[in-house]
Protein chains: 2
Amino acid sequence: MQKTPKAAYEELVQRMKNIALLGNTASVLHWDMETYMPSAGAEYRSQQLSLLSGMLHEQFTAPEMGDLLARVEQSELVKDPLSDYAVNVREIRREYDREVKVPKSLVEELVRVTSLAHVVWREARKNSDFKAFQPTLENVVRLTLEKADAIATGPTRYDTLLDGYEPGMTTDRMKAVFTALGNELNPFVEEILSSGKEPDRTILTRKYPTDRQAVLGQILVGAIGFDLAGGRIDVTTHPFCAQVGLGDVRVTTRYNERDLGDAMFGLLHEAGHGLYDQGTDPAHFGLPRGGFASLGIHESQSRMWENLVGRSRGFWHFALPIAKSVFPEALSDVSIDAFYWAVNDVQRSYIRVEADEATYNLHVLLRFEIEQAIVSGDLAVADIPGAWNEKMQQLLHITPRNDAEGCLQDTHWSGGSFGYFPTYTLGNLYAAQFFEQAQADLGDLDEQFRRGDFLPLREWLKEKIHRQGMRYRANELVEEVTGRPLSHEPLMRHLKNKLGSLYGVARETG
Amino acid sequence: MQKTPKAAYEELVQRMKNIALLGNTASVLHWDMETYMPSAGAEYRSQQLSLLSGMLHEQFTAPEMGDLLARVEQSELVKDPLSDYAVNVREIRREYDREVKVPKSLVEELVRVTSLAHVVWREARKNSDFKAFQPTLENVVRLTLEKADAIATGPTRYDTLLDGYEPGMTTDRMKAVFTALGNELNPFVEEILSSGKEPDRTILTRKYPTDRQAVLGQILVGAIGFDLAGGRIDVTTHPFCAQVGLGDVRVTTRYNERDLGDAMFGLLHEAGHGLYDQGTDPAHFGLPRGGFASLGIHESQSRMWENLVGRSRGFWHFALPIAKSVFPEALSDVSIDAFYWAVNDVQRSYIRVEADEATYNLHVLLRFEIEQAIVSGDLAVADIPGAWNEKMQQLLHITPRNDAEGCLQDTHWSGGSFGYFPTYTLGNLYAAQFFEQAQADLGDLDEQFRRGDFLPLREWLKEKIHRQGMRYRANELVEEVTGRPLSHEPLMRHLKNKLGSLYGVARETG
């Protein structure tokens, strides 16, 4: 006797929740690998992750999954496309159709190879030795392209890869986004950099003992509402945020005694991701309805708390007195104006994660262009360092002194994450557009931040974005929340307003 | 076509190694639960562990496993009972025959219930509230007995449970061990306690800042040879050692500013377990041949490093000067004689893990008797506190002031580990007997310890015990290594020699 659609749906949900239990198990192993695992455990851990990835693939692509999906899809349950039923079925189908095309052996090999590639990359970066990384990266690229060719949902491999991170996004639309943004951003950045003005750059590089940075970081992260009873802060070389279970969201950071900004903005960034994870609907945990819309939307939350909140004047009106209590020696003579400018310092720099709000997107554009060339086969892995340095010269008029501050700086490619970088710029654009809308809905946010009141914004984000899960595609969500399609204008307005005042250049008044 | 025995064996090995990959994944989750997991993650974690236990059970008891075992068992491969083939097949068979009788649902329920019971127990202990724990413990007991009844390898349930931890051991033999030991130990303890002598007990309870305890602990653990490139030390309420992967052995401890001994002997104990795990044969990792003989043998290694090494005069000749550098304020006036006596202080106490070498086994005897009564149904869970206090009075002439220092002190029963406690006393007996043999083989160990030279003993243990894996049953291993069957005499000789001198009582000369 055939299952009722309802029964089929329930079984689908049960299977997905079990898959999530196992997937989150792999997340704990990943988190542990990056935080506490002793070095001698790396090889065995890569085998564990490989095994789990194979099991997850097998469970997710089981023929029964296809049958259950088909049973529900033919029913009345999914009639309303915004119902929980429809959203879950649509997104599981989407993922199922991609995954089912990838052989289990390839899934396992990719995980095994990238786990170990991570270690090779870390060592190569430390020694600034691209040649030591090259054969490993070639292997990762080969496997990634094999996977893209197997899935082949888009007109090009890059479309297929990009669509994996930002469902619905295409290479052409991404190019159009960068062109529109670049046309306004490039002259604006040039204008700032030739203004001859700069903040007191010594402020953030005074002596900030790392144990006290941890204290301040925990206060700030707690102040914006990250729940530490359902989360943690740990130390890693490469900061990230990982939800490893229901009620268990973990952010990481690094501390540099001579750089207060690195940890503070890093923590606000990761806690922004964490607030998204903590804000999703626990009743739908493990299902698309309780997940996140896209990586770009996820990044919009981290960039919002890092930049639109964390680099605002209101935020530091609230936070600077706290920072002065924690670091009286370093900060007692620093005014709010000087500090505010120091955290909004625009300059040509080598490292993406340390870049200011204005130049950041140029770093992303560089990666977007290079990885398209790698994926299309136009650029050999061996030629990456040359191409990188050339583009840095074009876009930022500087040349890295070595590959550690050039093409070896990011971990993404070692993990096979080609097509991921553009979601960072999407995150910036979404964030600015959401923030403008939040201002319109909630009144003077800066005034609220001055009082340490982050609740209205946080609740607004939770209701409008976090709780929506995957109900809407990213572009639909933007329209739903702001009433307009994605545009580069809110970000440019924000940058011109803020940086225009600081640097005394073209200020947008609109 | 039927598989060749060799091919069947290879497939068996491959399956076992995959099961180990998954089993060690569960170990990482356990370790994380005890160390870093935020409290809100507990419920989801118990679901993860339950799922994994069910998957492990399913994989291990798959019909193919039985077929493969049978194929190899009928072949020439296992002719030599001490060959790797024979050892692996014998032990996998043993475990398979036990596991296959337990329904998967019971395995999953036990893990889910005990994961949460651990949290309930911790809270109950904190509040010294047995009533709050009672219904949970009743549930755990019910499920544990259900499991014992399903397996039913021994004449009684307790035999079945005990055999799960100490293969080949029976309740009757265990009783005989305790009787023989008790006959000599009880009067000896009475003699010490009525000697009227005691060390300067203030020495270990001076002020020892915990961050510096961590420094000293790491030095001592490193000195005895625990490899920190393949291991870690973390903080937990309830110290343990867990091998969570190949090249990844993790010990935990707790620090109490007013008790130097708690962390130092705790660390030496756990690192003793760790040395066993690090000493097994990596080529056989995940197989019985690369495992450990029994829990009693494992405990013999921890107790050896904690007591026979860590509480020896030679050890502190080496370590006290280091401790004085780390804690000059607390220790500068302390002589080696005073310190040596302080770490060998014999007294009536409530807490097993803090008990001295002599009274420790009385604490174990108490648990052995009570858990037999629980398992046989003679003692209701509700009556545990009364029975506990009565036995404490009988054995140690003291009555706990509350259940936190009485029947709630240990975590074992919350985890369904009935039949586990006796392995602690077996560990003490094995340790003393091994140590006597090592002395005979290696010469004056105390002299070696004085020089900080722990290599000869460590290598001896590695060769004689760690590398043997499960080649021998515990009782066979004892005979193989020492040429004699297990006896209480080496332990009594050790105690009488050491404590006899300190307390000026009956000193064994033989």
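Of the beta bridges in the protein assembly as shown, as assigned by DSSP with both residues counted there, near 50 percent are antiparallel. Around the amide H of residue B:470, modelled in the peptide plane, lie the amide H atoms of B:289, B:290, B:291, all under 5 Å away and 5 or more residues distant in sequence or on another chain.
In this structure, residue A:18 and residue B:194 have a Cβ-Cβ separation that, at R0 = 60 Å, corresponds to a calculated FRET efficiency of about 0.45. The per residue volume of the convex hull around the alpha-carbon atoms of the stretch A:390-434 is 100 Å³.
Counting beta carbons within 10 Å around each of B:276, B:420 and listing the fewest first gives the order B:420, B:276. Cα centroid separation, the stretch B:156-229 to the stretch B:78-119: 28 Å.
With distances taken between every two different alpha-carbon atoms, the stretch A:5-131 has a Kirkwood hydrodynamic radius of 16.6 Å. Summarised in one figure, the compactness ratio Rg/Rh of the stretch A:258-331, Cα atoms and Kirkwood Rh, is 1.12. Compared with the rule-of-thumb size 2.2 N^0.38 Å for a compact globular protein, the stretch B:387-470 has a Cα radius of gyration ratio of 1.59. Normalising by residue count, the stretch B:368-510 has a Cα convex hull of 180 Å³ per residue.
Taken over the stretch B:298-447, the convex hull of the Cα atoms encloses 141 Å³ per residue.
Can you compute the FRET efficiency between residue A:82 and residue A:138 using 1/(1 + (r/R0)^6), with r the Cβ-Cβ distance and R0 = 41 Å? Round to the nearest 0.05. After rounding, the FRET efficiency stands at 0.40. In nanometers and ordered shortest first, the copy-to-copy spacing of the residue B:378 label point, defined 7 Å from Cα toward Cβ, is 8.4. Size of the stretch B:114-238: Rg and Dmax of its alpha carbons, in Å, are 21.6, 53. Considering only alpha-carbon pairs that sit under 8 angstrom and 6 or more positions apart, the relative contact order computed for the stretch B:257-373 is 19 percent.
For chain B, give me the percentage of DSSP beta bridges that are antiparallel, rounded to the nearest 5 percent. Each step should come with its number before you reach the end.
Details: 5 of 10 bridges.
So the antiparallel bridges amount to about 50 percent of the total.
For the stretch A:156-217, what percent of Cα pairs sit more than 14 Å apart? Cα-Cα pairs in the stretch A:156-217 separated by more than 14 Å: 75 percent.
Taking 7 Å steps out from each Cα toward its Cβ at residue A:382 and residue B:227 produces label points 3.8 nm apart.
Restricting the trypsin sites (Lys or Arg not before Pro) of the stretch B:162-240 to loop positions (DSSP other than H, G, I, E, B) with no more than 10 neighbouring Cβ atoms within 10 Å leaves B:207. Sorted shortest first, the separations between the residue B:257 label point and its copies elsewhere in the assembly read 2.5 nm; each point sits 7 Å from Cα along the Cα-to-Cβ line.
Sequentially through the stretch B:125-135, phi angles give Karplus couplings (6.51, -1.76, 1.60; θ = phi - 60°) of 5, 4, 8, 6, 10, 4, 4, 5, 9, 3, x Hz, Gly and Pro residues having no value and appearing as x.
Shown in residue order for the stretch A:413-424 are the 3J(HN,Hα) couplings computed by the Karplus curve 6.51 cos²θ - 1.76 cosθ + 1.60 at θ = phi - 60°: 5, 4, x, x, 8, 8, x, 8, 3, x, 5, 5 Hz (x for Gly and Pro). For the protein assembly as shown, what Kirkwood radius comes out of the mean inverse Cα-Cα distance, in Å? Evaluated over the protein assembly as shown, this radius sits at 31.8 Å. Against the empirical 2.2 N^0.38 Å (N residues), the stretch B:171-503 has a Cα radius of gyration ratio of 0.96.
Peptide A:23-36 is shielded by partner chain Cβ atoms: per residue, an average of 4 of them sit within 10 Å of its Cβ. Cross-linked pairs A:104/B:17; A:17/B:104; A:175/A:197; A:104/A:147; A:197/A:498: Cα-Cα separations exceed 21 Å for A:175/A:197. Sorted shortest first, the separations between the residue B:459 label point and its copies elsewhere in the assembly read 7.0 nm; each point sits 7 Å from Cα along the Cα-to-Cβ line. For the stretch A:5-131, averaging the sequence separation of C-alpha pairs within contact (under 8 Å, six or more residues apart) and dividing by the residue count gives a relative contact order of 35 percent.
Counting every Cα pair in the stretch A:130-190, what percent are over 16 Å apart?
Of the Cα pairs, 60 percent sit more than 16 Å apart.
Across peptide B:297-304, the mean count of Cβ atoms from other chains lying within 10 Å of each residue's own Cβ comes to 0.
Helix-only arithmetic for chain A: the sum of -39500 (n - 2.57) across DSSP H runs with n ≥ 4, divided by the residue total, places the mean residue ellipticity at 222 nm at -20000 deg cm²/dmol.
Label sites at residue A:326 and residue B:175, each approximated as a point 7 angstrom past Cα along Cα to Cβ, lie 6.4 nm apart.
For the stretch B:359-370, 3J(HN,Hα) computed residue by residue from phi via the Karplus equation (6.51, -1.76, 1.60; θ = phi - 60°) reads 7, 3, 5, 6, 4, 5, 4, 4, 5, 4, 5, 5 Hz, glycine and proline entered as x. Extension gain, residue B:2 to residue B:126, is 38.7 nm, computed as 0.36 nm per intervening residue step minus the present C-alpha separation. Packing order of peptides B:35-41, A:42-48, highest average first: A:42-48, B:35-41 (average count of other Cβ atoms within 10 Å over each peptide's residues).
Extension gain, residue B:104-residue B:476: 0.36 nm per intervening residue step, less the Cα-Cα distance, totals 130.6 nm. For the stretch B:327-389, chymotrypsin sites (Phe, Trp or Tyr not before Pro) meeting the loop criterion (DSSP other than H, G, I, E, B) and having at most 12 other Cβ atoms within 10 Å: none. Computed on chain A, with alpha-carbon pairs under 8 angstrom and 6+ residues apart, the relative contact order is 19 percent. Across peptide A:41-53, the average count of Cβ atoms from other chains found within 10 Å of a residue's Cβ is 5.
Each reported figure results from applying straightforward, stated rules to the coordinates on display, with no laboratory input. From a predicted model like this one, the values you see are computed outputs, not experimental measurements. Neighbour counts are summed over all protein chains in view; Cβ atoms, including those assigned to glycine, are modelled from backbone coordinates with ideal geometry.
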